[in-house]
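The values are calculated or read from the model by the stated rules, or taken from the named source; none is laboratory data. Remember, it's a predicted structure, so these values are computed and weren't measured experimentally. Virtual Cβ from ideal backbone geometry, glycine too; neighbours counted across all protein chains shown. Heavy atoms of the whole protein, side chains included, go into the accessibility calculation; ligands, DNA and RNA do not. Shrake-Rupley method; radii C 1.70, N 1.55, O 1.52, S 1.80 Å.
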Amino acid sequence: MEELKIEKIKEGTVIDHIPKGNAINVIKILGICSDSSASIGINVPSSRMGSKDIIKIEGRSLSATEIAKLSMVAPKATINQIRNYKVEIKSNVDLPERVIGIVRCINTRCITRAMEPIKSEFYIVASEPMTIRCIYCEIEMNGNMIHDNII
Ligand code: CTP
Ligand code: ZN
């Protein structure tokens with residue numbers, strides 16, 4: 001299949017194999033700002049996925065927290081660290097066993113949302129579509145409900 005050409009980057013991070021339509025959620029998580037430039041491919045043909053989204057960020061790497069957040073919207077994404085135009089490190093996002101401190105529970109009465117809140121924590125119930133369950137109040141969250149509540 002023909003690949004859409006987005007220019008290669010010199011130094012930075014390529015987040016590949018993002019489920020189509022989710023680049024915008026990834027951008028929200030990373031909060032791409034004035035000191036890094038990014039190219040975004042939406043609905044790009046992919047031999048593995050049919051079509052996918054891809055984001056190339058010049059001059060920036062991802063923190064462990066950002067990768068944990070990324071797992072909520074693109075659990076099968078590939079992270080390529082680029083140095084001097086070459087892929088230096090290729091890694092997978094991978095799903096954590098528990099999602100700790102990165103998603104706000106939607107239940108306003110949950111103990112994690114009390115006056116002196118404790119850290120949110122969820123089990124992963126399913127990954128397609130992403131579904132998580134609060135370990136404290138047992139409420140289930142999925143899809144946009146998760147994306148809109150990433151802390
Ligand atoms: N890439 C880039 N700039 C570079 C090097 C690579 O933008 N200087 C991009 C490529 O265009 C590709 C991704 O980073 O989208 C991964 O590169 P590479 O490992 O060479 O491609 P594939 O073998 O197709 O990756 P995979 O096997 O993970 O699908
Ligand atoms: Zn809860």
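With respect to the cross-link table entries 28/90; 8/28; 8/119, which display a Cα-Cα separation exceeding 28 Å?
Details: 28/90 23 Å; 8/28 23 Å; 8/119 39 Å.
Those over the limit are 8/119.
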Exercise for the section: Take the chain, connect every pair of alpha-carbon atoms lying under 10 Å apart with a spring to form a Gaussian network, then pick out the residue of 58, 121, 97 with the largest mean-square fluctuation. Expected result: 97
Completion exercise
The size of the Cβ-based charge dipole (Lys, Arg +1; Asp, Glu -1) of segment 1-122 about the Cα centre, to the nearest 20 debye, is 180 debye
Completion exercise
To the nearest 0.05, the calculated FRET efficiency linking residue 142 and residue 11 through their beta-carbon distance, R0 being 41 Å, is 0.70
Fill in the blank from the handout: Taking Rh as the Kirkwood radius computed over alpha-carbon pairs of the chain and applying Stokes-Einstein at 20 °C with viscosity 1.002 mPa s, one gets a diffusion coefficient in µm² s⁻¹ of 132 µm²/s
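Could you work out what % of the accessible surface of the chain is carbon and sulfur, using a 1.4 angstrom probe and leaving DNA, RNA and ligands out of the count? Could the numbers behind the result be given before it?
Working: 4360 of 8930 Å².
Its accessible area is 49 percent carbon and sulfur atoms.
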Exercise for the section: Using the heavy atoms of the protein chains and a 1.4 angstrom probe, tell me the accessible area per residue for the chain in square angstrom. Expected result: 59 Å²
Practice task
Which order do the peptides 109-119, 22-32 take when ranked by the mean count of other beta-carbon atoms within 10 Å per residue, highest first?
Solution key: 22-32, 109-119
